[in-house]
Structure formats: structure tokens, C-alpha cells
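What follows is a single structure, written as C-alpha cells, with notes after it.
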Amino acid sequence: MNFKEIKAPIDTITIDRIDLEKKSGKNIYETICILEKVSEKINYGIKGDLDKKLEEFNLLNKNNLEEIFENKEQINLSIFYEKLPKSTSISIQYLLDRKIKIN
């Protein structure tokens with residue numbers, strides 16, 4: 001999953017439920033349930049990616065505790081992941097862009 005190319009809004013926006021129903025072909029309840037499952041998968045992918053990258057810092061800094069608190073790369077990594085849109089926003093945007101196929 002390429003997180004740099006995500007075009008989902010960072011802020012909360014209102015989306016017309018009728019648009020969501022038309023895009024999914026389901027009622028709003030089923031649409032929300034589907035978006036929740038997609039959101040969980042996206043969140044799991046983001047968390048796994050972040051954990052993998054943070055593990056690299058832990059392996060590098062195991063013996064040198066002073067560098068742990070001043071590692072600029074680790075700070076930049078945290079800032080990047082904090083600025084990512086929420087997984088729910090990403091899943092809704094995927095539905096609106098028709099990147100999710102619902103049967």
C-alpha cells in the first residue's frame with residue numbers, strides 16, 4: 001500500500017449518504033459495514049508498516065540510548081504518519097473513486 005499517494009481528505013467532511021449508496025449499490029447500513037471492514041484492513045496495513053519502520057530504529061539504537069531521544073529521522077517518520085488521513089476517510093475515498101468493488 002502506497003501511503004504517499006492517498007488522496008483522501010485529512011479533515012472531516014460531510015458526504016451525502018445517497019452518493020454512498022449509489023456508489024456501493026447497497027443500503028447505507030451495508031455500505032457502512034463494508035467500509036468498516038476496508039478501514040480495518042487499511043489501518044492494519046498502516047500500523048504494520050509503521051511498526052516495521054520503528055523496529056529498524058530500535059535495532060539500530062539498542063546500545064545507544066542517547067540517540068533514541070534525538071533521532072531526527074524517527075521524528076520525521078512520526079510526523080508523516082500523524083499527517084496521514086484516517087483509515088475511515090481513506091476507505092470512503094476508495095469507494096467514491098470506485099477502487100472498491102462491492103458485489
Can you give me the solvent accessible area of residue 11 with a 1.4 Å probe, rounded to the nearest 10 Å²? 110
Counting only protein chains, not ligands or nucleic acids, how are 12, 88, 31 ordered by accessible area (probe 1.4 Å), most first? 12, 88, 31
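The values are calculated or read from the model by the stated rules, or taken from the named source; none is laboratory data. Computed from a predicted structure; not experimentally measured. Heavy atoms of the whole protein, side chains included, go into the accessibility calculation; ligands, DNA and RNA do not. Shrake-Rupley method; radii C 1.70, N 1.55, O 1.52, S 1.80 Å.
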